[in-house]
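This report concerns only the one structure given below.
The values are calculated or read from the model by the stated rules, or taken from the named source; none is laboratory data. Quick caveat: nothing in here was measured; it's all calculated off a predicted structure. For neighbour counting, all protein chains shown are included, and Cβ atoms are generated from backbone atoms with ideal geometry for every residue, glycine included. Side chains are part of the model used for accessible areas, which takes the heavy atoms of the whole protein and leaves out ligands, DNA and RNA. Shrake-Rupley method; radii C 1.70, N 1.55, O 1.52, S 1.80 Å.
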Amino acid sequence: LKLATGKSHAKIILLGEHAVVYNEPAIALPLPDLKMVATITPRNFGQIILAGNYQGSLNEMTEAFEGIRQLINRLLRFFSNPKLAFTLKLESNIPLERGMGSSAATAVAIIRAFFALFETELSDRDLQRWANVEEAITHGSPSGIDAATAAHDVPVWFVKGQKPMPISMSLDATLIIADTGVHGQTGLAVSVVREQLLNEPVETQNHLSELGKLSVQAQEFLAANSIEKLGPIMNSAQQHLSALGVSHPYLDALIDAALEAGALGAKLTGGGVGGTMLALASNEANIDAIVSALEAAGAREIWVQKYYANKE
Ligand code: PMV
C-alpha cells in the first residue's frame with residue numbers, strides 16, 4: 001500500500017434550508033476555495049491527525065469525533081483490513097461549525113482517501129452513503145443535505161431522499177459569507193420550525209412551500225445565467241426564514257449592512273439562529289464595499305468565494 005489522498009471542499013446552502021426538512025427542494029453551492037485534504041500513510045496503527053484539531057489514536061478519539069471514528073472503523077472492516085497500520089492526516093481551511101459542512105467534507109475526504117488507498121472505484125451514490133454513516137452520528141441530520149452535496153463539485157438540487165441533481169452554473173458571480181460570531185444551532189433551529197408548524201400549521205406550511213418555489217425559480221435563473229435575478233429571490237427567502245423564527249438580530253444586522261452596501265441579495269444560510277449569512281455581490285467593484293460594510297457591522301469572519309463562467 002502506498003500513500004493515498006482524498007479531497008473535498010466546503011458547501012453552502014443558497015436556498016431551501018429548513019424547507020428541505022419538509023420535502024421542499026434546496027440548492028447547495030460548493031465553496032471550492034475552502035478545502036479539505038486527507039492523506040493516509042500506511043504506518044503507525046490508527047494514528048489520526050485532524051487538521052490541528054485532534055492528534056492521537058483511533059481508539060482514543062473523543063465523543064466529538066465519534067462519527068469519524070465509526071466511519072474509519074467501518075471502512076477498515078469494509079476493506080477487510082481491521083488492523084491496518086496507518087496515519088491519517090487532515091489539512092483544511094474550512095471553518096468548523098459554521099454551516100459550511102465541515103464534518104461532511106471531512107468524511108468525504110477520508111472516504112476518498114481510503115478508496116484510493118485500496119485502489120477501489122467509488123460511485124457518487126456509494127460516496128454519499130458512506131458520508132451518511134458519519135453525518136447520521138455527528139448531526140442526526142434530518143435532511144442529509146450536507147452528505148449529499150459534499151460529494152459533488154458543482155451546485156446541486158437536493159430533495160430529501162432523492163438523488164442530488166447537479167445544476168449547470170456558468171456565470172461570473174461572487175458570494176460573500178460572513179459569520180455572526182453567534183454559535184449557530186441547527187438542531188434548535190429545526191425544532192423552532194417544528195413547533196411553529198404545530199402551532200400555526202397553515203401559515204407555516206405556506207412559508208415552507210414559498211421557500212420551495214424560490215428554489216425552483218433560482219434553479220431556472222442559475223441555468224440561464226441570470227445572476228441579477230437571484231438577489232430578489234434571496235431577499236424573499238430571508239423574509240420567509242425570518243417569519244419561521246430562525247433569523248437572529250446579528251444576522252439581520254449583517255444582512256441589512258450588505259444590502260445597504262449594494263449587494264443584489266442577502267440571507268442567512270444553513271440552520272440560522274446565529275451562524276452565517278451570505279450576500280451576492282452585484283459586480284467586482286461591489287465586493288470591497290460589502291466586505292467593509294460587514295466588517296463595520298461586526299462580522300466575526302468573512303469569506304469571499306468567486307465563481308467564473310466556463311471555468312472550474
Ligand atoms: O447548518 P447546516 O449547513 O447544517 O444546514 C442545516 C440545514 C437545515 O435545513 C436547517 C437542516 C437540514 O438538515 O436540512
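So residue 197 ticks every box in (1) more than 11 Å from the ligand (Cβ to nearest atom); (2) under 17 Å from the mean Cα position of the chain (by Cα) but one. Which box is left unticked?
(2)
Restricting the search to the range 251-270, which residues are surrounded by fewer than 22 Cβ atoms within 10 Å (Cβ to Cβ) and either over 17 Å from residue 229 (Cα atoms) or in contact with a strand residue (DSSP E or B) (Cβ under 6 Å, 6 or more places away or on another chain) (or both)?
Taking the range 251-270 and keeping what is surrounded by fewer than 22 Cβ atoms within 10 Å (Cβ to Cβ), we get 252-253, 256, 259-260, 262.
Within the range 251-270, 252, 253, 256, 259, 260 meet the criteria.
Considering (1) free of Cβ contacts under 8 Å to residues at least 24 places away in the same chain; (2) under 30 Å from residue 178 (Cβ atoms), say which one residue 77 fails and leave the rest.
(2)
Can you pull out every residue in the range 176-190 that is surrounded by 19 or more Cβ atoms within 10 Å (Cβ to Cβ) and under 15 Å from the mean Cα position of the chain (by Cα)?
The initial filter retains those residues of the range 176-190 that are surrounded by 19 or more Cβ atoms within 10 Å (Cβ to Cβ), namely 176-180, 184, 186, 189-190.
Hits for the range 176-190 are 176, 177, 178, 179, 184, 186.
If I filter the range 113-168 down to residues being of a type in the set (Val, Ile, Thr) and open to solvent by 50 Å² or more (accessible area, probe 1.4 Å), which single residue comes out as nearest to the ligand (Cβ to nearest atom)? I'd like the intermediate steps shown before the answer.
At the first step, the residues of the range 113-168 found to be of a type in the set (Val, Ile, Thr) are 120, 133, 137-138, 145, 149, 154, 156, 159, 167.
Checking the rest, the ones that are also open to solvent by 50 Å² or more (accessible area, probe 1.4 Å) come to 120, 137-138, 154.
Values: 120: 29, 137: 14, 138: 10, 154: 18 Å.
Checking each candidate, the answer is 138.
Out of 190, 216, 246, report the one residue that is within 14 Å of the ligand (Cβ to nearest atom), closer than 22 Å to residue 156 by Cα and not charged (D, E, K, R). Reasoning before the result, please.
Working: 216 fails: within 14 Å of the ligand (Cβ to nearest atom); 246 fails: closer than 22 Å to residue 156 by Cα.
One residue alone meets the criteria, 190.
Residue check: is residue 211 within 13 Å of the ligand (Cβ to nearest atom) and within 17 Å of residue 145 (Cβ to Cβ)? Lay out the reasoning, then the answer.
Values: within 13 Å of the ligand (Cβ to nearest atom): yes; within 17 Å of residue 145 (Cβ to Cβ): yes.
So residue 211 fits the description; yes.
Filter the range 143-187 for residues that are outside any loop (DSSP other than H, G, I, E, B) and of a type in the set (Gly, Ala, Ser); which is nearest to residue 282 (Cα to Cα)?
Here is the first cut: in the range 143-187, the ones outside any loop (DSSP other than H, G, I, E, B) are 145-150, 156-158, 165-166, 173-179, 186-187.
If we keep only those that are of a type in the set (Gly, Ala, Ser) as well, we get 147-148, 150, 173, 178, 187.
Details: 147: 30, 148: 29, 150: 27, 173: 8, 178: 17, 187: 33 Å.
In this case the residue turns out to be 173.
Out of all the residues in the range 96-139, which are farther than 18 Å from residue 84 by Cα and of a type in the set (S, T, N, Q)? So that I can check it myself, show each step before the final result.
At the first step, the residues of the range 96-139 found to be farther than 18 Å from residue 84 by Cα are 96-109, 121-139.
Hits for the range 96-139 are 102, 103, 106, 123, 128, 132, 138.
Just one of 10, 64 is crowded, with 17+ Cβ neighbours inside 10 Å and of a type in the set (Gly, Ala, Ser); which is it?
Details: 64 fails: crowded, with 17+ Cβ neighbours inside 10 Å.
Being crowded, with 17+ Cβ neighbours inside 10 Å and of a type in the set (Gly, Ala, Ser) holds for just one of 10, 64, which is 10.
Which number in (1) more than 12 Å from the ligand (Cβ to nearest atom); (2) surrounded by fewer than 20 Cβ atoms within 10 Å (Cβ to Cβ) marks the one condition that residue 227 misses?
Every listed condition holds for residue 227 apart from (2).
Pull out all pairs, ordered by first then second residue, where Cβ-Cβ is under 6 Å, the residues are six or more apart or on different chains, the first lies in the range 22-44 and is outside the structural domain of residue 84 (by TED's automatic domain parsing) and under 20 Å from residue 305 (Cα atoms), and the second is within 16 Å of the ligand (Cβ to nearest atom) and part of a strand (DSSP E or B).
none
Open to solvent by less than 60 Å² (accessible area, probe 1.4 Å) and at pLDDT 95 or above: does that describe residue 243?
Values: open to solvent by less than 60 Å² (accessible area, probe 1.4 Å): yes; at pLDDT 95 or above: yes.
For residue 243, the condition - open to solvent by less than 60 Å² (accessible area, probe 1.4 Å) and at pLDDT 95 or above - is met.
State yes or no: is residue 7 away from the ligand (no atom under 16 Å from the Cβ) and in a strand (DSSP E or B)? Let's see the steps before the verdict.
On the way: away from the ligand (no atom under 16 Å from the Cβ): yes; in a strand (DSSP E or B): yes.
When the stated conditions are applied, residue 7 passes them.
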